[in-house]
1. Quick one: HIS248 ticks every box in (1) closer than 30 Å to PRO447 by Cα; (2) at pLDDT 95 or above; (3) open to solvent by less than 10 Å² (accessible area, probe 1.4 Å) except a single one, so which number is it?
2. What single numbered condition from (1) over 30 Å from GLU491 (Cβ atoms); (2) within 34 Å of the chain's Cα centre (by Cα); (3) at pLDDT 95 or above fails to hold for CYS372?
3. Being open to solvent by 50 Å² or more (accessible area, probe 1.4 Å), assigned to a helix (DSSP H, G or I) and either modelled with pLDDT under 95 or over 13 Å from LEU425 (Cα atoms) (or both), is that true of even one residue in segment 459-467?
4. For segment 416-452, which positions are surrounded by fewer than 17 Cβ atoms within 10 Å (Cβ to Cβ) and small (Gly, Ala, Ser)?
5. Can you tell me which residue among THR561, THR604 is out of contact with any His (no Cβ under 9 Å at 6 or more places or on another chain) and buried (at least 23 other Cβ atoms within 10 Å of the Cβ)?
6. So, in segment 480-513, of the ones that are of a type outside the set (D, E, K, R) and in contact with a His (Cβ under 7 Å, 6 or more places away or on another chain), which residue ends up modelled with the highest pLDDT?
7. Given the conditions (1) loosely packed, with under 14 Cβ neighbours inside 10 Å; (2) more than 21 Å from LEU448 (Cα to Cα), report the number of the one that GLU289 does not fulfil.
Amino acid sequence: VSSSSSSGLGADAGLEIRTRSVEQTLVPLVSQITTLINHKDKPKRSDKTLQAIQRVGQAVNLAVGRFVTVGEAIANENHELKEEMSVACIEARRAGETIAQLTDVASLDHPESDSHITIFTDKTGVVKAARLLLSSVTKVLVLADRIVIKQIITSRNKVLATMEQLEKVSSFQEFVQIFSQFGNEMVEFAHLTGDRQNDLKDEKKKARMAASRAVLEKCTMMLLTASKTCLRHPDCESARINKDGVFHRMRLALEQVIEIVTDSRPNGENEMAPISIYSGIKEFKNKVEGLRENLYFLSKENLSTMLEVILEHTEDFTDSAYTSHEHREHILELSKQAKMELEQLVSVWMQAQNQKTKDLMEDLEVAILKTCQCMNELKREVHSAATSLAADLLKYHTDHMVLKALKITGVEGNLEAVAEYTCKLSEQKEQLVEMCRLLRHVSGTEPLEITCIHAEDTFQVTGPQIISAAETLALHPSSKIAKENLEVFCEAWESQLSDMSLLLREINDVFEGRRGEKRVYLSLPRPGKHNANLKALKPVKLDTEEQAKIAKLGLELHLLTSDVDSETEKWEDQENEIVQHGQGMSSMAYSMYLFTRGEGLLKTTQDLFHQAEIFATEGTKLASALHALSDQVHDDDKPLLLLEAEKLISMCKQLQITAKASAQGKSATFTKVDACILKTRNVMTLLCQLLPLCCKLLRKNKVGNGCLKPAPPWKEDRIRTGTNARTPERRVDTFGIKSLENHVTNMTFLESK
């Protein structure tokens, strides 16, 4: 919707769009209307243009008509929203009809002079109608989305009610019956929240949702064994403590899911996420570098306070018993140096405010560079301290010796030995919790920060639960269910340790400008490896102004890489040639996005141009794979696949030509950068359409090993699948947003001339 602002087509400001499905449903409508608005001022109006405008107007009206029909059906099934939905549908229908009337120009010889009011004679009328249409369609979509939220809340309430019954049961038979019902309800809740997680636009909320769902997944098995142990040993205090801990944690996780879905906090609290050193340094550097553009936009007190907060957080490292002496000394030295550099910067800055001479501005530039360099070194030092500690701890604890000892001594009924090993586990827990706290400071992104916080909570909670389960087994050494219960909690601990290894790798990849689990396809220029004429080109970076100009295009590229990643993750056969080429292209496109931000491994424009060439080559290889696939599909599917392959080849050739073209001078180089990013974005847009098409054809023709994963209900990275139609309760969801999407996206776009 934001893309419509340049045409004055903003949707209702009170309607915040929080999900991708709503946003993506609006995109084609915005494109159609923007096309109409942009055509109204063109001096030449051929018959072809008039006919095209009329076709678009009619297409918009027809699509809105179908869209409204679905909206009205949803309103009839949900009486609490009926009035609001009906009003929005009436507004949308009226606006669609107005646009059709204003674009009814193909049969008119002189649309400007005729008494008939058209898009050419009533420019404000079409803008008003377009604004009303976007606003009313957005309302319909947001109201339909509210139904999905209601479904999640209803599902949560069912789960809570059944949990209360499970807590009170006193017989195995009753427990088995109720747990069976609970399992079905949890599966339904898993599907609904999994779909919602993948639909959320906010990456931070998505990470919080993933963390909560991971807790619920693991706790479901814990709840089963802990409850059975409690029923088997009703007078055992440690068994009761163990069970109560599981129920409490599940309730907290369920509550957090609802907070995320409804975007609310209990008692109207604001969520106050702790500030990490990484994000603090990033913000501080942005402010310091901003002095180049404006000497007066902040006060020296603000800058000093920001540095104080960062240095306070470094005390988490210097005060930690697990930080090495060498790291502690370096962090203290760099903290002292940072204060001195800031003092020097403030001194020159204050002088420059009074007298803006060339010498002073040069001194200011030096002070800015030295301050930022010092902060970079501090960031590197705390990163090294946190990640080296994590690597050492994870390596040390991979043998799980303490857990093994607890299992053995528990079965032996050796209470004294169990007490000794529970003390060791508590020490291990403190080490791992401290590791998570330090990693959070250097995690680099908000989603990874949230993953660190989740890991810290998991160790904090699971440690005592293992201890209570071990004590129960030691008191009842012949109890099979007590032994099974301890196994389940130990597995959760081991699983979290395994997850920490992956998290550590992701944190390192972000720090180095790479992506988590991605293969590296960078193929950067190396001395002696490429054309000699590259040496004659002076490698340059984008300056701040250029980065700002290209930021929107870069962001679009970033979003497309996420979409491609989502599509490739759906494939069961990750070794499929199409998937591998798609992943490679996504990884390279992400590197190009990082370049637009002045980050990552592509340091100069020449690096970017070379990367664009490699990206285009990878695209050509993908086109070859599509040709190979076309030989294996039915004849009626072949033309579409070949057509898409030819499109891809053409786009990749254009990108290669652009990347290889010479560009002399700053302005020409930036134009070339802009063109390379734009053409890469276009290829990625096509790739987003190709991957699901290939998957569909593979499934239809049963080629190879199949493509879609069976998607277990609690997989954290689960992609939206066709599970919506499984039960009658979910019919509204299927009938709602998805149906509305189809009616809008089926419009035929008017090509720009």
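1. HIS248 satisfies every listed condition except (3).
2. Only one criterion in (1) over 30 Å from GLU491 (Cβ atoms); (2) within 34 Å of the chain's Cα centre (by Cα); (3) at pLDDT 95 or above is unmet by CYS372, namely (3).
3. no
4. ALA417, ALA419, SER426
5. After applying the criteria, what remains is THR561.
6. Start the filter on segment 480-513 by keeping residues that are of a type outside the set (D, E, K, R), which leaves 481-482, 485-486, 488-490, 492-493, 495-498, 500-504, 507-508, 510-511, 513.
Adding the requirement that they be in contact with a His (Cβ under 7 Å, 6 or more places away or on another chain) leaves 482, 497, 511.
Working: ALA482: 96, LEU497: 92, PHE511: 86.
The extreme case among them is ALA482.
7. In the conditions (1) loosely packed, with under 14 Cβ neighbours inside 10 Å; (2) more than 21 Å from LEU448 (Cα to Cα), GLU289 misses (1) alone.
For every residue, the table says whether it meets (1) free of Cβ contacts under 8 Å to residues at least 24 places away in the same chain; (2) outside any helix (DSSP H, G or I); (3) over 28 Å from LEU594 (Cβ atoms); (4) not basic (Lys, Arg).
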position	(1), (2), (3), (4)
VAL633	no, yes, yes, yes
LEU641	no, no, yes, yes
MET651	no, no, no, yes
SER662	yes, yes, no, yes
LEU678	no, no, no, yes
ARG681	no, no, no, no
THR685	no, no, no, yes
LYS700	no, no, yes, no
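The values are calculated or read from the model by the stated rules, or taken from the named source; none is laboratory data. For clarity, every value in this text was computed on a predicted model and none was experimentally measured. A quick note on method: Cβ atoms are made from the backbone with ideal geometry, for glycine too, and the neighbour counts reach across all protein chains shown. Quick note on the areas: whole protein, heavy atoms, side chains included, nothing else; ligands and nucleic acids left out. Shrake-Rupley method; radii C 1.70, N 1.55, O 1.52, S 1.80 Å.
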